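Here is the structure we will look at, set down as structure tokens.
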Amino acid sequence: MDTHSGHRLPVRRAEVIHQLRESGDERAARIVAGLPTDQDGVLDPHAVDRLLISVHTELQRLSEELRVGERLLYLLGPLFAVLRAATGRPGPYRLVDVGCGLGYVVRWLAATNALGTDVELIGVDLDAALVGEADRLARAEGLNCRFVCGNAFDLPESATVYVSTGVLHHFRGPALAEFFRAQAASPAQAFCHFDIAATRLAPIGAWVFHRARMRNPLGRHDGVVSAQRAHSDETLLRAAAVPGIRALLYEPRGTVNPFCTTLRPIIGVRPPLEAPLRRTLGQEARRMVGPEHLTGTI
Ligand SMILES: C[S@@+](CC[C@H](N)C(=O)[O-])C[C@H]1O[C@@H](n2cnc3c(N)ncnc32)[C@H](O)[C@@H]1O
């Protein structure tokens, strides 16, 4: 996609295969080699859309099993309570799900109305086919939420809180700190990004889980590659500690049983919000550590 115009660009299958082989991902190269093209070798856009929707539909099942909506709400409920008290205004507040895919999280929050009617729910994704399907599913259930195709940080309206699930590991090198800086530079008050916990068990756990629960070869392969690419606690805390944001990692390595850790969030709040958030979370706040927790390693 052209990130400025939003237009879809033709993608040559041979180029994708070449890039995947260069990066050592032979399995992914074989999967792409099985996709249909036109006579010029350009990937059939409809086949690509169908494939991505099918993989994300299986991914949604995983989100349901891992109770991603409930986990997010567990932190977002107290966070929005703190924001209401801190701003002293009735709202509306705006939650933006960055890289929403089929919009499971946004649709779950809309269906449960768990955050209250003063929180506007928006899912944003660069992929038009996923956004179209998210919108179709939301309309079918008459849900009060919106989906937008584009870059989450180029929206005309800014978010109060940014969230995401399974997106952080896509940002590599300097792009990860850039991702957090864009949120710090916006009027947003906080963010909460869930991603795979980088434990030694994560790749094997992902293999077992995706093998058992997913049918699509791309989904199965991507699950394991994503676990291998999961960011360490140090990398996340270092990247999220940008000026104007207090970075807090929930359930860092060593504090929880690695057999039970799948996804965990990096949270960022404007510094004055940290103390009231800790008070609202009570005992749970002890699970949340700042960069000083890693003294000597970052
Ligand atoms: C692995 S998918 C995760 C989908 C969804 N969150 C889920 O858990 O099922 C990552 C998505 O992030 C989207 N994405 C990455 N950067 C983005 C950005 N800056 N704005 C909007 N979408 C973005 C990609 O298009 C992709 O669909």
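Read-outs throughout are calculated quantities, based only on the coordinates presented, and are distinct from any laboratory measurement. These figures come from a predicted structure and were not determined experimentally. Heads up, the Cβs are rebuilt from the backbone with ideal geometry, glycines too, and the neighbour counts pull from every protein chain shown.
Taking every C-alpha pair closer than 8 Å and separated by at least 6 residues, the mean separation divided by the residue count of the chain gives a relative contact order of 15 percent. The angle between the Cα long axis of helix 128-140 and the longest principal axis of the Cα atoms of the chain comes to about 60 degrees, rounded to the nearest 10.
Rounded to two decimals, the Cα-based Rg/Rh of the stretch 1-153, with Kirkwood Rh, is 1.07. For the Cα trace of the stretch 1-43, dividing Rg by the Kirkwood Rh returns an Rg/Rh value of 1.05. Note: the stretch 110-169, Cα convex hull, 102 Å³ per residue. Of the residues Ser23, Ser164, Ser186, the one with the fewest other Cβ atoms within 10 Å heads the list, and the complete ranking is Ser23, Ser186, Ser164. A straight line joining the Cα centroids of the stretch 206-236 and the stretch 145-166 runs 24 Å. Equivalent ellipsoid of the stretch 108-262: semi-axes from √(5λ) of the C-alpha gyration tensor, largest first, are 26, 23, 15 Å. Taken along its principal axes, the alpha carbon cloud of the chain reaches lengths of 61, 44, 34 Å, longest axis first. Mind checking which of Tyr74, Tyr104, Tyr250 has the largest fluctuation in a GNM of the chain, springs on alpha carbons under 10 Å? Checking each option, the largest mean-square fluctuation is seen for Tyr74. Across the options Tyr93, Thr280, Phe194, the greatest Cα extent toward the positive end of the charge dipole of the chain (unit charges at beta carbon of Lys, Arg, Asp, Glu) belongs to Thr280.
Between the helical axis of 13-22 and the longest alpha-carbon principal axis of the chain there is an angle of about 60 degrees. Which of these, His169, His46, His221, has the largest mean-square fluctuation under a Gaussian network model of the chain (Cα springs below 10 Å)? Per the Cα network of the chain with a 10 Å cutoff, His46 tops the list. When the convex hull of its Cα atoms is viewed from all sides, the stretch 149-205 shows a mean projected area of 4.9 nm².
Ignoring the sites themselves, the chain has its longest run without trypsin sites (Lys or Arg not before Pro) in a DSSP loop having at most 14 other Cβ atoms within 10 Å at 68-171. Mind checking the angle between helix 174-185 and the chain's longest principal axis? C-alpha axes, 0 to 90 degrees, to the nearest 10. Approximately 40 degrees, to the nearest 10. Going from the residue with the fewest nearby Cβ atoms within 10 Å to the one with the most, Thr87, Thr235, Thr165, Thr199 rank Thr87, Thr235, Thr199, Thr165. Largest mean-square fluctuation among Thr160, Thr255, Thr57, in a Gaussian network model of the chain whose springs join Cα atoms under 10 Å apart, belongs to Thr255.
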